[in-house]
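Working notes for the structure below.
The values are calculated or read from the model by the stated rules, or taken from the named source; none is laboratory data. Fair warning: this is a prediction, and the values are worked out from it, not measured in the lab. Positions of Cβ are generated from backbone atoms using ideal geometry, with glycine treated the same way; all protein chains shown enter the neighbour counts. Surface areas here come from the heavy atoms of the whole protein model, side chains and all, with no ligands, DNA or RNA. Shrake-Rupley method; radii C 1.70, N 1.55, O 1.52, S 1.80 Å.
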Amino acid sequence: MKYLIAIDSDGTLRRSDGTISNETKEVIKKLKDQGHIIVISTARPRYHTLKISNEVGINDYLISSNGTEVYDNIKKEIIYSSYLEKEEVKRIYNEINDLSLRGVFVTEDIEYTTQFTRNDNQVLLTDNNYNEMLNSNIKQIMIIDTKKDILRDYQSKVETYNVSIMDSSKQDKEEIYFSIISKSSSKGNAIIKLAEYLNIPMENTISIGNDYNDISMFKVTNISLAVANADDETKKHAKGIILGNDEDGVRLYLETL
């Protein structure tokens, strides 16, 4: 029996220091060798999802940007994608500029940012490339800044728009954020699309996560597991609780398979 196993990255597969244990990588390899499909399902963009997937040796398929894209890395083609409406992108761009908030507009492999860049996949937005960004397919917009009150007030405003708010950070961080995706997007919907693509019945699906954006996975998969470090609301939607990310909870569960 072949399983499709979707695993969140940050706070689930990866420890708090960002590492993944060699023992975890070994058990994932064993399951892959047995014919199971294991996929990283994360809020991160495709290039970062691929980096994590390469690290653990399960890079055939990717679910990235909060489920707005499912990618076949074998054929190098998009299986499924969902984009934000251009008018919404334009409105959000203008509003965050007026508020001097940092926005990151996520396309396939490039992130356009309204302020400073943090890696080689990010490009600074200027008048010269604004139309280029606007004419691209925008999967996700992340608003991230240290101006907490302004950012949270703006998040409340965006919640009235025809979009979904996903992957919102806790207030106790120095820099906080929230992500904006289309109404039709979710990690759960992405798993359904990938299962259909691979002809795997939903009764053969497993999801493991730790945060609000993983709840949609829990709702559609036959087996859903929250790590012990997940928040209480996320745990309510899971069918089981495993040990936390710093205790190799994912590995210990996968070993039982």
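Among the residues of the range 23-42, none qualifies, meaning not one is on the phi < 0 side of the Ramachandran plot, open to solvent by 30 Å² or more (accessible area, probe 1.4 Å) and among the hydroxyl-bearing types (Ser, Thr, Tyr).
All told, Gly209 meets the bar of being farther than 15 Å from Val70 by Cα, surrounded by 18 or more Cβ atoms within 10 Å (Cβ to Cβ) and not hydrophobic (A, V, I, L, M, F, W, C). Among the residues of the range 189-224, those that are more than 15 Å from Lys235 (Cβ to Cβ) and either without any contact (Cβ under 8 Å) to a residue 12 or more places away in the chain or touching a His at 6+ places or on another chain (Cβ under 6 Å) (or both) comprise Glu196, Asn199, Pro201. Of all residues in the range 76-124, those being outside any strand (DSSP E or B), hydroxyl-bearing (Ser, Thr, Tyr), under 11 Å from Ser136 (Cα atoms) and open to solvent by less than 30 Å² (accessible area, probe 1.4 Å) number 1. Taking the criterion of being of a type in the set (S, T, N, Q) and surrounded by 18 or more Cβ atoms within 10 Å (Cβ to Cβ), the residues of the range 157-188 that qualify are Ser164, Ser179, Ser182, Ser185, Ser186. When the range 45-75 is filtered for residues that are outside any helix (DSSP H, G or I) and either buried (at least 22 other Cβ atoms within 10 Å of the Cβ) or among the acidic types (Asp, Glu) (or both), the ones remaining, listed by number, are Pro45, Ile58, Asp60, Tyr61, Leu62, Ile63, Ser64, Thr68, Glu69, Val70, Tyr71, Asp72. Screening the candidates Thr113, Thr146, Thr126, Thr107 for the property of being under 20 Å from the mean Cα position of the chain (by Cα), more than 21 Å from Asn213 (Cα to Cα) and among the β-branched types (Val, Ile, Thr) yields one hit, Thr113.
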